[in-house]
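Reading through the structure tokens given below for one structure.
Laboratory data are not the source of any read-out in this text; all were calculated from the coordinates shown. No experiment lies behind these values; they were computed from the predicted model shown. Using ideal geometry, Cβ is built from the backbone for each residue, glycine included, and neighbour counts are taken over all protein chains shown.
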């Protein structure tokens, strides 16, 4: 158990819908990272927050957004869902803002868009 | 951007055999991690190893940063070692870093 929690574990929804994925980092970790794992693209970085502030953006679509709240949990919002958004979404957490320390991954949320 | 290549892409072993997985990267890195993704999809941290050698039970890893590669050794493999092994490196693109993953090595250990 990494200490990072994600909810829900599974999510099935329809095209055009909006969903919210939730992540709680390990106790003491200020950084939260979101990654997407799909069959064709592999594991890709989406976005990084540190202590409530956005630090870096990767291959994140404009239909996706995220935020980190004062209690340090983070939410990833996916809207106008398409079939291609079906993937495993991971969040990870670490202590530092630089990314040079160990990132611990949550169990993931498996999103299926029908 | 930085390229991360893992080899071999697939590996089939008999239980008890040893193996070496390789990760090559195209630029200097400040962070390198090895992960095991089990058949249920969970990513498990194995090593944080930007340089040097570490051992944890039957697993060990070595990163030679100056030559831009890392090796993961699995000794006396067990069926529970099956899954996909990823290496990931920290790439400073822009103002902050994020992990760049290789495509993984899929390991199948047969009883």
(request) Compute the FRET efficiency between residue B:28 and residue A:12 as 1/(1 + (r/R0)^6), taking r as their Cβ-Cβ distance and R0 = 30 Å, and round to the nearest 0.05. (result) 0.10
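For region B:1-53, take the convex hull of the Cα atoms, compute a quarter of its surface area, and give me that in nm², please. Before the final figure, lay out the partial values.
Numbers: hull surface 20.1 nm².
In nm², the orientation-averaged hull projection of region B:1-53 is 5.0.
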(message) Please compute the length gained on full extension between residue B:55 and residue B:73, using 0.36 nm multiplied by the number of residues separating them and subtracting their Cα-Cα distance.
(response) 5.6 nm
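Can you tell me the relative contact order of chain B? Whole percent, Cα pairs under 8 Å, sequence separation 6 or more. It would help to have the intermediate numbers written out before the result.
Details: 282 pairs, mean separation 40.1, N = 111.
Relative contact order of chain B: 36 percent.
Based on Cα coordinates alone, diagonalise the gyration tensor for the protein assembly as shown, multiply each eigenvalue by 5, take square roots, and list the semi-axes in whole Å, largest first.
Values for the protein assembly as shown, descending: 29, 21, 16 Å.
What number does region A:59-108 give for Rg over Rh if you use C-alpha atoms and the Kirkwood radius?
On the way: Rg = 12.8 Å, Rh = 12.8 Å.
Value, to two decimals: 1.00.
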(request) With only alpha-carbon atoms counted, please give the Rg and Dmax of chain A, in Å. (result) 13.1, 38
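Restricting to chain B, what percent of DSSP beta bridges are antiparallel, rounded to 5?
On the way: 41 of 46 bridges.
About 90 percent, rounded to the nearest 5.
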(request) Can you give me the three principal axis dimensions of chain B from its C-alpha atoms, in Å, biggest first? (result) 47, 27, 20
(message) What is the distance in Å between the Cα centroid of region B:1-75 and that of region A:91-112?
(response) 18 Å
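Antiparallel versus total DSSP beta bridges in the protein assembly as shown: what percent is that, nearest 5? Please list the in-between numbers first.
Values: 78 of 87 bridges.
So the antiparallel bridges amount to about 90 percent of the total.
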